[in-house]
Amino acid sequence: MDEIRVESWSELHERLFADSWNEELGLHRSNFAYRGRPTASEDLTTSLARLGGDTKSIERPLLRHFRKYAARDEVPVDSTWNWLALAQHHGLPTRLLDWTYSPYVALHFATARARSFDEDGAVWMVDYVRAHELAPRKLREELDREGANLFTTEMIAQVASDFGELNKLGDDFVVFVEPPSFDDRIVNQYALFSLTSNPEISLDSWLAEHSGLLRKLVIPAALKWEIRDKLDQANITERVLFPGLDGLSRWLARYYAPRKTERLGSDPKGV
């Protein structure tokens with residue numbers, strides 16, 4: 001993994017948008033997914049792994065009961081992957097991990113927790129196009145058939161209908177999946193998920209085994225306020241990323257609180 005400690009707003013921009021030029025398209029189109037966290041010491045452990053215990057035996061009952069008690073029309077198509085994406089979106093422990101296409105959304109989540117402003121933050125960057133080159137043949141063929149470089153839940157379902165079939169496709173692998181647009185939060189956060197072939201895979205370890213896929217930009221604590229102020233001016237705030245009165249309240253509470261206060265805002269869930 002390439003770990004880089006940035007020293008300025010301008011360097012941060014250069015690092016976030018590095019290698020985004022696509023010669024074939026003649027456009028800037030990054031192949032990276034981004035994940036921002038308020039503390040640089042965090043790793044890429046999933047919420048299911050953090051729950052502890054036997055993840056393989058826990059995962060199915062968790063999702064089964066989520067499907068049982070959720071409204072029937074919550075997903076556009078009844079599939080394991082749609083329900084898994086919805087469950088992740090609403091805080092159920094899953095093997096999925098939240099990412100975003102937007103480096104600015106990632107920066108928001110690296111600077112939204114004011115009580116962590118005395119700690120270094122981080123933005124993780126994963127080249128999902130290269131990660132998919134390591135996926136099993138059937139999954140790569142599905143990408144080729146669709147002319148895509150990222151999966152949808154429907155595309156995954158075409159190849160594997162459930163956890164067991166996904167795991168049987170090949171050795172440990174990771175793919176990146178766009179969830180259905182369940183609500184405005186998914187859309188505004190420009191969200192996507194990483195999906196491991198089995199719940200026991202450590203994403204950190206898997207990425208470490210494949211050089212060049214992962215970059216980690218460490219954001220010094222001293223730089224966080226400048227980033228936060230500029231994101232607010234650019235309208236990258238809770239009001240936009242969490243549409244509704246809850247997001248509005250989070251934004252106003254953080255925006256108008258004294259800078260030196262130790263307890264500002266809240267700890268919103270997100271990428």
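The values are calculated or read from the model by the stated rules, or taken from the named source; none is laboratory data. Worth saying up front: this structure is predicted, and the values here are computed from it rather than measured. When we count neighbours, we look across all protein chains shown, and the Cβ atoms used for this are built from the backbone with ideal geometry, even at glycine. Surface areas here come from the heavy atoms of the whole protein model, side chains and all, with no ligands, DNA or RNA. Shrake-Rupley method; radii C 1.70, N 1.55, O 1.52, S 1.80 Å.
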Inset, instruction - Could you figure out which of (1) acidic (Asp, Glu); (2) at pLDDT below 95; (3) under 18 Å from the mean Cα position of the chain (by Cα) isn't true of GLU74? - result: (3)
Inset, instruction - Kindly list the number of the only condition in (1) on the phi < 0 side of the Ramachandran plot; (2) buried (at least 17 other Cβ atoms within 10 Å of the Cβ); (3) of a type in the set (Phe, Trp, Tyr) that fails for TYR190. - result: (1)
Legend entry - Lone qualifier among GLU165, GLU133, GLU141, GLU200 - being of a type in the set (D, E, K, R), open to solvent by 10 Å² or more (accessible area, probe 1.4 Å) and either touching a residue at least 24 places away in the same chain (Cβ under 8 Å) or in contact with a strand residue (DSSP E or B) (Cβ under 9 Å, 6 or more places away or on another chain) (or both): GLU200
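Matching residues to (1) in contact (Cβ under 8 Å) with a residue 60 or more places away in the chain; (2) more than 30 Å from ARG228 (Cα to Cα):
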| site | (1), (2) |
| --- | --- |
| ALA112 | yes, no |
| ALA122 | yes, no |
| THR153 | yes, yes |
| VAL159 | no, yes |
Inset, instruction - Could you please find all residues in the stretch 104-130 being surrounded by fewer than 21 Cβ atoms within 10 Å (Cβ to Cβ) and either under 23 Å from GLU200 (Cβ atoms) or not aliphatic (A, V, I, L, M) (or both)? - result: TYR104, ARG113, ARG115, SER116, PHE117, ASP118, GLU119, ASP120, ASP127, ARG130
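Identify all residues within the stretch 56-83 that are assigned to a helix (DSSP H, G or I), among the hydrophobic types (A, V, I, L, M, F, W, C) and touching a residue at least 60 places away in the same chain (Cβ under 8 Å); write none if there are none. Spell out the reasoning first.
Filtering the stretch 56-83 for residues assigned to a helix (DSSP H, G or I) gives 56-69, 72-74, 80-83.
With among the hydrophobic types (A, V, I, L, M, F, W, C) added as a condition, the list becomes 58, 62-63, 66, 81, 83.
TRP81, the sole residue that qualifies.
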